[in-house]
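Bear in mind these aren't lab numbers, they're just calculated from the coordinates by the rules spelled out. Please read all numbers here as calculations on a predicted model, not as lab measurements. Every residue, glycine among them, receives a Cβ derived from its backbone with ideal geometry; neighbour counts consider all protein chains shown.
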């Protein structure tokens, strides 16, 4: 009997393992078409859903992209419920490259890695980031979103299932090219909690896939024009007198200024926040904000969401806060409509009614030692992990909706975001300060329905200062953040003129940039986008030589070498930032002729060029036939319209009042610009439609490199 008992105990774990071993035990996902080129499958049920905070899908834009077939083998899309997790298995081709998975500061191709997608400060852990959007894009022309409020763990081509299509094993000692991470035929993801949704997006190209995701999320943001101007954040202890003195200094040095950002010290208490003006530094906030408005300068206020006991909002919102505090401030449960209502009423009365134009929403990301623990409880009954994943998104939605009800566009800064955020008028930022990583993050954000901004804070030299200025001037938000350093644009005198020139260049390019954002809103095309989304670009990814090193590389793995230091802005402009210490750099040109932005000179076609850098210029290249409309230096209602190359082309310029939502009612203008050559002579024409108030009066064509 004792022997039988021992044998029985041995059988129990074997029987348990056998029941869940084979792919045939997984269930085929059931797909429902929910929009043109978009399909959805479900496992379990979501209590919190990010799409509840997204704008409605732009069905007309999705329809314009056509009605493609389901892009994957449905029989190979599988799901399973284990005792503690939901898991999904999606097919993966042998040569596919996988991009996306949110805001990342390193690399581009996500294949052969595992990402734990958690809203957090960026700390080098794969997937711990400000916006860990669980959406990936394949080079084969499809995208997959694992929509869940819980953290998604995704295995991108690693973790070989024994029933999968696996390569033959290689003996490490005697064989060649032994892989530490063998090739797999699937992407697998798992999620805790009550369930998940899986979406598949089809497209002829990776760009079309990204367009569908953005349009399904409500289309891209169309920020107010002032939001695309120059922002300057003052030192945290600045008073109203300090701000006015700073503005006078900007005028004296002939620097444009569109937005003043006030850091924590504008409040009577910060960390946690009172959301009330400090009576010592800002005794008359209404007069202060109006004084800046008289100079056409907007005000943006820093805050974190945690309520200080001294706040005049505290007693009203306290019943709607969670079990744990952050910096000894209470945490509002903004999944509750009443909590949002109280917060917005306070902001309207004390800030927005005075003329404040937006907010910098800080500290909604991590680390764990700063935010509420996973076991915290909230009065809504929603899970603490899920609230953390969606917290930044919920706040973006609340402010967007509130401003829109007043027919005002806002443009905010935020420290975290998530699924469905494309339409939100907010740009993500970070404490991270690596210049190259800034550019990589800008590239990756375009693959995840996000806007990301680098920023300038300080520099080791005038050279680094101007290089950072040049990068921010070609990003979604142009900002000097001097909250700690107190720096001014002219703090490095040897490059002051260069800094002024590049800011003015960005402002001159507003018609081109604003039109690119309009394409983001209506067509889902990111205004700043990764090169892998550009037609004619050949991915330059390669692998380093595998060198065995018992300390640094004990598995002799090859390192991916990728091009993440250049990107597209709008339909025609390639931006190639230069970093501190670089006297030359390589630029990878897509197929087709490309021309120097400044001179119109031909530079190459489908090749990698090496350029000698100039301190005063950020390298910019325009594709053949590119039309770049720019504000005239003499008259902002007139345009200088540049045409590059030898290809006839057309371009549709967009304009509206730049501040309201009246464009949704038809209050906008479009101008079709056409460049053609007849008998060796170039001729430009224009045809304007829509509101005359938004049509540019005078157009001066400039034939770059041809005169």
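Values for this structure:
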quantity	calculated
Structure-based [θ]222 nm, the chain - -39500 (n - 2.57) summed over DSSP H runs of at least 4, per residue, nearest 500	-6500 deg cm²/dmol
Of [x] 42, 34, 25; [y] 60, 37, 30; [z] 42, 31, 26, the label for semi-axes √(5λ) of the Cα gyration tensor in Å derived from the coordinates	[x]
Residues residue 433 and residue 253, FRET efficiency given R0 of 22 Å [Cβ-Cβ distance, rounded to 0.05]	0.35
FRET efficiency for residue 698 and residue 664, using Cβ-Cβ distance with R0 set to 30 Å, rounded to 0.05	0.55
Relative exposure of 194, 430, judged by other C-beta atoms within 10 Å (fewest first)	194, 430
Using alpha carbons only: equivalent-ellipsoid semi-axes of the range 71-201, gyration tensor based, whole Å	24, 18, 15
Contact order relative to length of the chain, as percent, for alpha carbon pairs under 8 angstrom and 6 or more apart	12
For the range 231-528: relative contact order, % (alpha-carbon pairs under 8 angstrom, 6 or more apart)	15
The range 366-450: C-alpha gyration tensor shape, a/c 1.5 cut-off, then a/b vs b/c	oblate
Distance in nm between pseudo-label sites at residue 56 and residue 74 (7 Å out along the Cβ direction from Cα)	2.8
Debye intensity ratio I(q)/I(0), log10, the range 302-455, q values 0.10, 0.15, 0.17 Å⁻¹ (C-alpha model)	-0.36, -0.82, -1.05
Likely footprinting exposure, 630, 478, 531, fewest C-beta neighbours within 10 Å first	630, 531, 478
For the range 258-304: rounded, prolate or oblate by the Cα gyration tensor [a/c cutoff 1.5]	oblate
Beta bridge orientation in the chain: antiparallel %, DSSP, nearest 5	75
Viscosity 0.692 mPa s, 37 °C: Kirkwood-radius Stokes-Einstein D of the range 231-528 over Cα pairs, µm²/s	164
D (Stokes-Einstein, µm²/s), Kirkwood Cα radius, the range 101-140, 1.306 mPa s at 10 °C	154
Ranking of 43, 244 by count of other Cβ atoms within 10 Å, fewest first	244, 43
For the range 627-704: rounded, prolate or oblate by the Cα gyration tensor [a/c cutoff 1.5]	prolate
Percent antiparallel among DSSP beta bridges (both partners in the range 627-704, rounded to 5)	75
